[in-house]
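A.B. asks: Take a look at this one; I'll ask things after.
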Amino acid sequence: MADQPRAMSAADIAEWRNGWRVALGAAAGMGTGVSLYLYVASIFIGPISAEFGWSRGDLGVGGMISFAAGAVTLPIIGRYLDRIGFRRVAIVCSLGLASVYALTALQPGSYPVYVALMVAGGIFGGGTASIVYTRPVIASFARQRGLALGLATAGTSIAAMIAPPLLMYVNTELGWRAGFFALAALTALIGMPLALTLIGKAKEAPERASDDIGHAPINVPDTTLREALKRGRFWLLILAIACINIPGSGVLGQLAPLVSDAGLSDGDVAIVMSIYAAGLLVGRLITGFSLDRFSPRWVGAITTAVPAFGIVLLMTPEPSFGLAALAVAMIGAQQGAEVDLFAYFISRSFGIRHYGAIYGVIAMAGALSTAIALVSFGKIHDATGSYDLALTIGAVLFCVGALAFALIGRKPPEAPVVVAV
């Protein structure tokens, strides 16, 4: 039956024997791409502000513009991904992002130049993220796709644990400009070459795949973006990613003041933020493992409903450290599961031939909802004097997202197979 767990078979082991390098290479690529900068950007705020006299608000505006530029170009990157393959996109965008880092290190302190570089970073950064590096993973794994995606996306969590103290040391000893040069080297000289070497000549389209109800190998018909736009599954995925990103990103963006307002000390706040990062890693691995062994619709629904309980815990008057840590871990685990879930459902629902174009549009919706969250949670606090209203809305949205995944779980309708001429 569909809801019964499935044990690992000899065929699964063989798939890992042939594809483990692809998963490891994708982890290296994503771990040293633009996702890494999102974790370490705050390290550069102090020294750049001190040298150029820019306020934190000025730097925040630059980051927001970069985020928006990256969001609207994701569908374009997705289309190129489908047409020319992930290798060329990864090479061009990794070199482009590294060049942005290097030019940022060399810039003389002109704010318009800084904003222009942030826009370029957002554009090139999308081609170093999950939309590109999940492509060879889903092409190489059919039976073990969920766990493979979980291990690949874990690269960003591992890099986020290792890179900040190293970059902090470089900034302290050699200056913030050296820190940006270090980022450029990590992206272009270490991460991208290592990723492409490990991935090798992985094919970009699987011959066989399995749907998200049964686990027997069957064909998943390739669906164009235009065809996908006519299907309920596509819009349920749009709804799900918006309902996940608004509360998840809103909590993350206000995490330190949010738990501090709850009565935790500065030391406890730092530990809680580390627990959030650990939750990201655990969520990625558990979700990936579960997608291959249980009904994916319930995996998606449960992992999305759990953080709603976490938000309720955060709203408890003066929560204990343990309660706050548990709540943040729940939210972090769901945010870690996000890439696994959407890469899995997109590939299982629409095939791989137009994977980039479809993923690009869905990811754009997620990025724009994140931008909304980063502004709205703070504004709601300013207007009401607390985060309670924002958290209540967030809990409701997580529940709606869980319902969307439950509805997505039905077998997709047959679509005509596109035959290359």
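A.B. asks: State the extension gain, in nm to one decimal, for the chain segment bounded by VAL375 and SER274, taking 0.36 nm per residue of separation less the distance between their alpha-carbons.
C.D. replies: Result for the pair: 34.0 nm of gain on full extension.
A.B. asks: Each residue of the range 81-98 in turn: what ³J(HN,Hα) in whole Hz from Karplus with 6.51, -1.76, 1.60 and θ = phi - 60°, glycine and Pro shown as x?
C.D. replies: Whole-Hz 3J(HN,Hα) from phi for the range 81-98: 4, 6, 8, 10, x, 5, 5, 5, 4, 5, 5, 4, 6, 5, 5, x, 5, 4.
A.B. asks: Whole-Hz ³J(HN,Hα) for each residue in the range 122-129, computed from phi via Karplus 6.51 cos²θ - 1.76 cosθ + 1.60 with θ = phi - 60°, x for glycine and proline: what do you get?
C.D. replies: After applying 6.51 cos²θ - 1.76 cosθ + 1.60, I find x, 5, 6, x, x, x, 10, 10 Hz.
A.B. asks: Same structure, new question: Among MET315, MET118, rank each residue by its count of other Cβ atoms within 10 Å, from fewest to most, as a rough exposure measure.
C.D. replies: Fewest to most other Cβ atoms nearby, the residues stand as MET315, MET118.
A.B. asks: Can you sort LEU147, LEU225 so the residue with the fewest Cβ neighbours within 10 Å comes first?
C.D. replies: So the residues, fewest neighbours to most, are LEU225, LEU147.
A.B. asks: Treat the count of other C-beta atoms within 10 Å as a stand-in for reagent exposure and order HIS354, HIS381 from fewest to most. Display every interim value, and only then the final one.
C.D. replies: Working: HIS354 23, HIS381 18.
With the sparsest Cβ surroundings first, the list reads HIS381, HIS354.
A.B. asks: In percent, how large is the relative contact order of the range 10-199, given Cα pairs closer than 8 Å and 6 or more residues apart?
C.D. replies: Averaging sequence separation for qualifying contacts and normalising by length gives 45 percent for the range 10-199.
A.B. asks: What nm distance separates the two modelled labels at ARG231 and ALA383, each placed 7 Å from Cα along Cα→Cβ?
C.D. replies: Reported label-point gap for ARG231 and ALA383 is 3.8 nm.
A.B. asks: Subtract the Cα-Cα distance of ARG88 and ALA116 from 0.36 nm times their separation in residues, and report this length gain in nm to one decimal.
C.D. replies: Gain in length upon complete extension: 7.7 nm.
A.B. asks: In deg cm²/dmol and to the nearest 500, what is the mean residue ellipticity at 222 nm of the chain if only DSSP H runs of at least 4 residues count, each as -39500 (n - 2.57), divided by the residue total?
C.D. replies: -26500 deg cm²/dmol
A.B. asks: To continue, here is another question. Most fluctuating residue of THR224, THR303, THR197 in a GNM of the chain with Cα springs under 10 Å: which is it?
C.D. replies: THR197
A.B. asks: Tell me, what is a quarter of the convex hull surface for the C-alpha atoms of the range 60-112, in nm² with one decimal? Kindly include the intermediate steps, with their values, before the conclusion.
C.D. replies: Working: hull surface 16.8 nm².
Dividing the Cα hull surface by four gives the mean projection, 4.2 nm².
A.B. asks: Could I ask something else about it? So which residue, out of GLY126, GLY253, GLY394, gets the largest mean-square fluctuation from a GNM of the chain using Cα contacts under 10 Å as springs?
C.D. replies: Largest GNM mean-square fluctuation: GLY253.
A.B. asks: In percent, how large is the relative contact order of the range 225-408, given Cα pairs closer than 8 Å and 6 or more residues apart?
C.D. replies: 43 percent
A.B. asks: Please check which bits of the range 172-194 a label hung off ALA50 would reach, taking the label as a point 7 Å along Cα-to-C-beta and the cut-off as backbone N under 11 Å.
C.D. replies: Within reach of a label on ALA50, which here means backbone N under 11 Å from a point 7 Å along Cα→Cβ, the range 172-194 contributes 172-173, 175-176.
A.B. asks: Ok, one more. I need the peptides 70-80, 337-347 ranked by packing, meaning the mean over residues of other C-beta atoms within 10 angstrom, with the highest value on top.
C.D. replies: 337-347, 70-80
A.B. asks: Got the relative contact order for the chain handy, in percent, Cα pairs under 8 Å and 6 or more residues apart?
C.D. replies: 26 percent
A.B. asks: Could I ask something else about it? Take the range 10-199, compute every pairwise Cα distance, and split them into 5 Å bins from 0; I just need the percent in each bin.
C.D. replies: 1, 9, 16, 20, 19, 14, 9, 6, 3, 2, 1, 0, 0
A.B. asks: Net charge around HIS381, counting only other residues with Cβ within less than 10 Å of its Cβ (Lys, Arg = +1; Asp, Glu = -1)?
C.D. replies: Cβ neighbours under 10 Å give a net charge of -2.
A.B. asks: Counting just the Cα atoms, what span does the chain cover along each of its three principal axes? Round to the nearest Å and put the largest first.
C.D. replies: 59, 48, 38
A.B. asks: Another one. Build a GNM of the chain with springs between Cα atoms under 10 Å: which of PHE141, PHE321, PHE350 gets the top mean-square fluctuation?
C.D. replies: Taking springs between Cα atoms under 10 Å, the residue moving most is PHE321.
A.B. asks: Going by amide H atoms built from the backbone, whose H comes under 5 Å of the H on ASP222, apart from near neighbours?
C.D. replies: HN-HN under 5 Å from ASP222: VAL418.
Each reported figure results from applying straightforward, stated rules to the coordinates on display, with no laboratory input. Note that the structure is predicted; figures quoted are calculated from it, not measured. Don't worry about glycine lacking a Cβ; one is built from the backbone with ideal geometry, like all the others, and counts go over all protein chains shown.
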